[in-house]
1. Sort M39, M69 so that the residue with the fewest other Cβ atoms within 10 Å of its own Cβ comes first and the one with the most comes last.
2. So how strong a dipole does the chain carry about its Cα centre when Lys and Arg Cβ are +1 and Asp and Glu Cβ are -1, to the nearest 20 debye?
3. Under 5 Å between amide hydrogens, which residues at least 5 positions from A85 or on another chain qualify, with H placed 1.01 Å from N in the peptide plane?
4. Hey, of (1) 1.00; (2) 1.32; (3) 1.17, which did the structure itself give for Cα Rg over 2.2 N^0.38 Å when calculated?
5. Taking the Cβ of each residue in T83, T42 as the centre, tally the other Cβ atoms inside 10 Å and list the residues starting with the fewest.
6. Given a cut-off of 18 Å, name the pairs among K47/K123; K33/K142; K47/K144; K26/K139; K101/K131 whose C-alpha atoms lie farther apart than that in the structure shown.
7. Counting only other residues whose beta carbon sits under 13 Å from that of K145, what net charge do I get with K and R as +1, D and E as -1?
8. What list of ³J(HN,Hα) couplings, whole Hz, do you get for the range 75-81 from phi and the Karplus terms 6.51, -1.76, 1.60, once you set θ to phi - 60° and write x for glycine and proline?
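Please treat every number below as a calculation from the coordinates, not as lab data. Quick caveat: nothing in here was measured; it's all calculated off a predicted structure. Reconstructed Cβ throughout: ideal geometry from the backbone, glycine too, with neighbour counts over all protein chains shown.
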Amino acid sequence: MRGLYFVLAAAVFAGSAFAAEDSAVKYRQSVMKALAGHMGATASIIKGEAGASHHLVAHAAAISSLARMAKDVFPKGSDKGDTRALPVIWEQPQDFAQVIKAMEAATGGLVAAARSGDGIDIKNAFSAVGKACGGCHKKFRKKKK
């Protein structure tokens, strides 16, 4: 009987470990989707297609906040399951940290540009954020199938 309890306890803890991994991946995906949403909204405003220009600072601030969260949404063990995150994130943490720092710097520049209201600075800063995003996607994310 004692062996049965051990097996059941192991199954419960293993199940919760898998659930934790899955939860970490889902949380990361939610953060990244929010980031993409604010990027899309910002692009629409910059292009003059939609949105109110006075929303630009709020979107830039959200992008910057989410970029600062990025370093925390890739905990060890969250490389399993339905994720496009590549193992290189955990294999080369210094390289990944540099890319995240570049993203943080670029998004800080976007906030400053949005606050200034200078259209050219805003476009240049937004382009820099896009390049920072792309730098991470190229090396650290699987392509969509």
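1. On the way: M39 20, M69 16.
So the ranking, lowest neighbour count to highest, is M69, M39.
2. 400 debye
3. Sorted by chain and number, the residues that satisfy this are K142.
4. From the options (1) 1.00; (2) 1.32; (3) 1.17, the structure gives (2).
5. Values: T83 19, T42 23.
So the ranking, lowest neighbour count to highest, is T83, T42.
6. On the way: K47/K123 9 Å; K33/K142 16 Å; K47/K144 27 Å; K26/K139 21 Å; K101/K131 13 Å.
Result: K47/K144; K26/K139 exceed 18 Å.
7. Details: positive: R84, R141, K142, K143, K144; negative: D82.
It works out to a net charge of +4.
8. Each residue's phi maps through the Karplus curve to give x, 4, x, 9, 9, 9, x Hz.
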